[in-house]
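Asks: Handing you this structure, nothing more for now.
The values are calculated or read from the model by the stated rules, or taken from the named source; none is laboratory data. In this text, all values refer to a predicted model and were calculated from it rather than measured experimentally. Cβ placement follows ideal geometry from the backbone for every residue including glycine, while neighbour counts extend to all protein chains displayed.
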Amino acid sequence: MVYLAFIFHMHQPYYRNLLTQEAELPWVRLHGVKDYLDMVQMLKDFPGIKQTFNVVPSLFEQVEDYANGSTKDKFQEFTLKNSNELSGEDKLFLLQNFFSINKDKVIANFPRYLELYFKKERGIQLNNQDFLDLQVLFNLAWIDPSFRNSIPELKNIQNKGRFFSEADKVTILEKQLEILKQIIPAYRKAQVENNIEISVTPYYHPILPLLYNTNIAKEANRKTLLPKVEFAYPKDAAQQINSAVEFYKEKFGQMPQGMWPSEEAVSEHILPFIMQSGIKWIVTDEALLFRSLGKKKRDTKLLYQPHVIKRDGLQLTIVFRDRNLSDFIGFVYHGMPEADAVNNFIEHLQNIEKSFKGQNTLVTIAMDGENAWEYYRNDGHDFLNLLYQRIQESPFIKTTTISEYLKAFPAKSEIKRLSAGSWIYGEFGKWIGNPSKVKCWEWLADARKALEQTPEADSLAWKQMRVLEGSDWFWWAGEDPDGSFDRLYRMHLVNFYKLIKKDIPGYLTA
């Protein structure tokens, strides 16, 4: 039997400005109405399908902030501006930002939206009704098609096609908030009913080994360029883990069993913190399994089983994702007809079943649960519905949550030492190593030292530091196409120095 474990990871960076309470970018709200709720609701039609959803506490915190009205974003404000009163700067903002969704798979589904897109591309000036329609269509297109078709008010607006009203904008934003309010209760209910398992990530999505010590990057790649001042705060790594566990207990009424370390980044150094927190299993990339066991070639016999690490009377189970199958869904299948993509996936599982005839195997699909679907037709619903149907009907595939599988088949293979690395090339180069990323770590080290020297720092200052430790600022440093994440990182740093009442370093305002 092939036991198939899907783990869908839900994450967005921390966009909220702690001083203004405004979100600088809208992606929590927009992915919230497109990806988080429908992914769970879809399973109602497939009682034979079980899955694991991994949530990042800082994401769900931001979802709650929208739902209770304590946060708004600039894109909401630009949506609500009357189209007859837009300034030149307002119009430029709309043109630059309100086409930010997949053109071929989303914009093309709305003839009026596509018409406006080509007007912009050809430099044709938009009139007031054009801008009003753009404000509506951007927010409407981001809503999952299942909600656009099932919520009467949204369906009516969608059926208009064009010539929208100012009232339509208000209706759409109201319905978005209603969807956001349903997310956490839906996850909680599905877990109580044993349809899903919910795992968790350290609170603000930090790269744990690099919080422990940036020098660990060289364990994964000796050529890594390190910051001139090492960042080494093991207690910060522990705090990010423990606060995530506490958040989970508060929201879901029980202890989490599993953890997805941010970016599947692991090392020996962080394992005691995870074990001591009560977490029972983690997931990471297959490359680290083979490196930990000294294998130079891919070995599926080792891959398709859980492994255990034992330390000081505690133990932690590790499952390793099948990188190929995970990446097929994440990055390849959207370019194929749904039937062909599903056939290809099932054929791979058939080959696994034939290779391990009579044995139970655990095949782990661990992937981003949100960003892939806008590249699929119908936001991935056609692909996923067909995939789930085929799996549910299969006599040799059984979906499982990780904890359910481990209860029936505890790990037997022991790993003596876990190699350091992440899901990207088995190293940390996406977050450290080029001059821009190194500079960000040096700025963070300066800020962290300043915090240590400020005993009167309040909880908000500490929260701001935890936000700054998130992985996303380093991911984009030196690779940010429009500079938005660089501006966010600088904003968070400037706010931090304001919170501890220290002079803002010149390099942040230059």
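Asks: Could you check, for the stretch 424-431, whether at least one of its residues is farther than 30 Å from Ser100 by Cα and in contact (Cβ under 8 Å) with a residue 24 or more places away in the chain? First the steps, then the outcome.
Replies: From the stretch 424-431, those farther than 30 Å from Ser100 by Cα are 426-427; that's our starting set.
With the extra rule that they be in contact (Cβ under 8 Å) with a residue 24 or more places away in the chain, the set shrinks to 426-427.
Yes.
The rows are residues; the columns are (1) surrounded by 17 or more Cβ atoms within 10 Å (Cβ to Cβ); (2) of a type in the set (Lys, Arg); (3) modelled with pLDDT of 95 or more.
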| site | (1), (2), (3) |
| --- | --- |
| Asn149 | no, no, yes |
| Pro185 | no, no, yes |
| Arg188 | no, yes, yes |
| Leu208 | yes, no, yes |
| Leu225 | no, no, yes |
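Asks: Examine the stretch 392-404 for a residue that is farther than 22 Å from Ile282 by Cα, among the hydrophobic types (A, V, I, L, M, F, W, C) and either surrounded by 16 or more Cβ atoms within 10 Å (Cβ to Cβ) or at pLDDT 95 or above (or both), and state whether such a residue exists. Before you say what the answer is, go through the steps one by one.
Replies: As a first pass, look at the stretch 392-404 and keep what is farther than 22 Å from Ile282 by Cα: 392-397.
If we keep only those that are among the hydrophobic types (A, V, I, L, M, F, W, C) as well, we get 396-397.
Next, from what is left, pick out any that are either surrounded by 16 or more Cβ atoms within 10 Å (Cβ to Cβ) or at pLDDT 95 or above (or both): 396-397.
Within the stretch 392-404, one or more residues are farther than 22 Å from Ile282 by Cα, among the hydrophobic types (A, V, I, L, M, F, W, C) and either surrounded by 16 or more Cβ atoms within 10 Å (Cβ to Cβ) or at pLDDT 95 or above (or both).
Asks: Does any residue in the stretch 268-288 that is under 16 Å from Asp236 (Cα atoms) come within less than 8 Å, Cβ to Cβ, of a residue that is of a type in the set (Lys, Arg) and part of a strand (DSSP E or B) six or more places away or on a different chain, and which pairs are these?
Replies: Between residues of the stretch 268-288 that are under 16 Å from Asp236 (Cα atoms) and residues that are of a type in the set (Lys, Arg) and part of a strand (DSSP E or B), the close pairs are Leu271/Arg311; Pro272/Arg311; Met275/Arg311.
Asks: Which one of Asp503, Asp482 is assigned to a loop (DSSP other than H, G, I, E, B), surrounded by fewer than 16 Cβ atoms within 10 Å (Cβ to Cβ) and within 28 Å of the chain's Cα centre (by Cα)? Don't jump to the end; show me each part of the working.
Replies: Details: Asp503 fails: within 28 Å of the chain's Cα centre (by Cα).
The unique qualifying residue is Asp482.
Asks: Hand me the list of helices (runs of 4 or more DSSP H) wholly inside the stretch 315-404 holding 1 or more residues that are closer than 30 Å to Met275 by Cα and polar (S, T, N, Q).
Replies: Details: elements: 323-327, 338-355, 381-393.
Passing ranges, in order: 323-327.
Asks: Checking the condition within 30 Å of Leu316 (Cα to Cα), of a type outside the set (S, T, N, Q), in contact with a helix residue (DSSP H, G or I) (Cβ under 7 Å, 6 or more places away or on another chain) and modelled with pLDDT of 95 or more, which residue from Phe474, Phe485, Phe496, Phe409 passes? Let's see the steps before the verdict.
Replies: Details: Phe485 fails: within 30 Å of Leu316 (Cα to Cα); Phe496 fails: within 30 Å of Leu316 (Cα to Cα); Phe409 fails: in contact with a helix residue (DSSP H, G or I) (Cβ under 7 Å, 6 or more places away or on another chain).
The match here is Phe474.
Asks: How do the pairs read when you match residues in the stretch 156-185 that are within 23 Å of Val28 (Cβ to Cβ) with residues anywhere that are modelled with pLDDT of 95 or more and not in a helix (DSSP H, G or I), using Cβ under 6 Å and keeping only pairs 6 or more apart or on different chains?
Replies: Lys175/Ile151
Asks: Right, something else. Working only within the stretch 191-221, note down all residues that are aliphatic (A, V, I, L, M) and within 22 Å of Ile282 (Cβ to Cβ). Steps first, please.
Replies: To start, the set of residues in the stretch 191-221 that are aliphatic (A, V, I, L, M) comprises 192, 196, 198, 200, 207-208, 210-211, 216-217, 220.
Across the stretch 191-221, the qualifying residues are Ile196, Ile198, Val200, Ile207, Leu208, Leu210, Leu211, Ile216, Ala217, Ala220.
Asks: Which ranges mark the helices (runs of 4 or more DSSP H) fully within the stretch 12-72 that have 1 or more residues being within 24 Å of Asp458 (Cβ to Cβ) and acidic (Asp, Glu)? I'd like the intermediate steps shown before the answer.
Replies: Working: elements: 27-31, 37-41, 57-67.
The qualifying helices (runs of 4 or more DSSP H) are 57-67.
Asks: Take the conditions in contact with a Lys or Arg (Cβ under 6 Å, 6 or more places away or on another chain) and of a type outside the set (A, V, I, L, M) and apply them to Tyr212. Does it pass?
Replies: In short, no.
Asks: Separate question: Does Arg321 qualify as being among the basic types (Lys, Arg) and more than 22 Å from Val55 (Cβ to Cβ)? Talk me through it step by step, then tell me what you get.
Replies: Details: among the basic types (Lys, Arg): yes; more than 22 Å from Val55 (Cβ to Cβ): no.
It is false that Arg321 is among the basic types (Lys, Arg) and more than 22 Å from Val55 (Cβ to Cβ).
Asks: Among the numbered criteria (1) crowded, with 16+ Cβ neighbours inside 10 Å; (2) within 25 Å of the chain's Cα centre (by Cα), which single criterion is violated by Asn324?
Replies: Going through the list (1) crowded, with 16+ Cβ neighbours inside 10 Å; (2) within 25 Å of the chain's Cα centre (by Cα), Asn324 breaks only (1).
Asks: So which residues in the stretch 443-463 are surrounded by 18 or more Cβ atoms within 10 Å (Cβ to Cβ) and either among the hydroxyl-bearing types (Ser, Thr, Tyr) or closer than 18 Å to Leu210 by Cα (or both)?
Replies: Hits for the stretch 443-463 are Trp443, Leu444, Ala445, Ala447, Arg448.
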